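Input: a single structure, listed below in structure tokens.
Read-outs: derived from the displayed coordinates by stated rules, not from any lab. Given the structure is predicted, the values throughout are model-derived calculations rather than measurements. Note that each Cβ is placed from the backbone with ideal geometry, even for glycine, and that neighbours are counted across all protein chains shown.
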Amino acid sequence: MNFKPKIFKNQEKTVVIFLGLCKGCGLCIEKCPQKAISFSKKDLGVYCTPSIEIDLSKCTQCGICEIVCPDSAIRVEKE
């Protein structure tokens with residue numbers, strides 16, 4: 001199990017995914033208004049289900065994904 005966070009970062013935005021907490025439920029994907037979240041093709045979550053990845057070019061850092069995640073597996077860092 002991977003408890004090391006996966007960090008999606010560019011000059012303006014940072015979103016952290018905790019792979020060891022993500023169970024691949026897909027709520028964040030469903031609720032993202034920008035469709036910036038998708039299932040990862042290589043990273044697995046806690047139950048060996050696909051984790052998620054963030055497309056920072058679409059992400060507006062609204063924080064909805066962080067709010068709806070039942071396992072606190074997503075952190076949107078606003079500066």
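For the subset of segment 9-48 comprising residues that are basic (Lys, Arg) and exposed (fewer than 12 other Cβ atoms within 10 Å of the Cβ), which member is nearest to the chain's Cα centre (by Cα)?
Within segment 9-48, the first condition is being basic (Lys, Arg), and the residues that meet it are 9, 13, 23, 31, 35, 41-42.
Applying the additional criterion that residues be exposed (fewer than 12 other Cβ atoms within 10 Å of the Cβ) yields 35, 41-42.
Values: Lys35: 12, Lys41: 13, Lys42: 14 Å.
Among them, the one singled out is Lys35.
Go through segment 43-79 and give me each residue that's in a strand (DSSP E or B) and of a type in the set (D, E, K, R).
Of everything in segment 43-79, those that are in a strand (DSSP E or B) and of a type in the set (D, E, K, R) turn out to be Asp43, Glu53, Arg75, Glu77.
When you look at Val15, is it assigned to a strand (DSSP E or B), hydrophobic (A, V, I, L, M, F, W, C) and either within 18 Å of Val76 (Cβ to Cβ) or free of Cβ contacts under 8 Å to residues at least 60 places away in the same chain (or both), yes or no? Talk me through it step by step, then tell me what you get.
Details: assigned to a strand (DSSP E or B): yes; hydrophobic (A, V, I, L, M, F, W, C): yes; either within 18 Å of Val76 (Cβ to Cβ) or free of Cβ contacts under 8 Å to residues at least 60 places away in the same chain (or both): yes.
Considered against the rule, which asks whether it is assigned to a strand (DSSP E or B), hydrophobic (A, V, I, L, M, F, W, C) and either within 18 Å of Val76 (Cβ to Cβ) or free of Cβ contacts under 8 Å to residues at least 60 places away in the same chain (or both), Val15 comes out as yes.
Of the residues in segment 21-42, how many are within 18 Å of Phe3 (Cα to Cα) and either assigned to a loop (DSSP other than H, G, I, E, B) or in contact (Cβ under 8 Å) with a residue 24 or more places away in the chain (or both)?
Result for segment 21-42: 5.
Would you check if Asp55 is in contact with a Lys or Arg (Cβ under 7 Å, 6 or more places away or on another chain) and among the acidic types (Asp, Glu)?
Working: in contact with a Lys or Arg (Cβ under 7 Å, 6 or more places away or on another chain): no; among the acidic types (Asp, Glu): yes.
It is false that Asp55 is in contact with a Lys or Arg (Cβ under 7 Å, 6 or more places away or on another chain) and among the acidic types (Asp, Glu).
Could you check Ile74 against (1) hydrophobic (A, V, I, L, M, F, W, C); (2) more than 9 Å from the chain's Cα centre (by Cα); (3) surrounded by 18 or more Cβ atoms within 10 Å (Cβ to Cβ) and say which number it fails?
Of the numbered conditions (1) hydrophobic (A, V, I, L, M, F, W, C); (2) more than 9 Å from the chain's Cα centre (by Cα); (3) surrounded by 18 or more Cβ atoms within 10 Å (Cβ to Cβ), the odd one out for Ile74 is (2).
Is it fair to say Cys59 is of a type outside the set (A, V, I, L, M) and surrounded by 15 or more Cβ atoms within 10 Å (Cβ to Cβ)? I'd like the intermediate steps shown before the answer.
Working: of a type outside the set (A, V, I, L, M): yes; surrounded by 15 or more Cβ atoms within 10 Å (Cβ to Cβ): yes.
Yes; evaluated as a whole, the condition is true for this residue.
Report yes if Thr14 is out of contact with any strand residue (DSSP E or B) (no Cβ under 6 Å at 6 or more places or on another chain) and of a type in the set (S, T, N, Q), otherwise no.
Values: out of contact with any strand residue (DSSP E or B) (no Cβ under 6 Å at 6 or more places or on another chain): no; of a type in the set (S, T, N, Q): yes.
Here the answer is no, as Thr14 does not meet what is asked.
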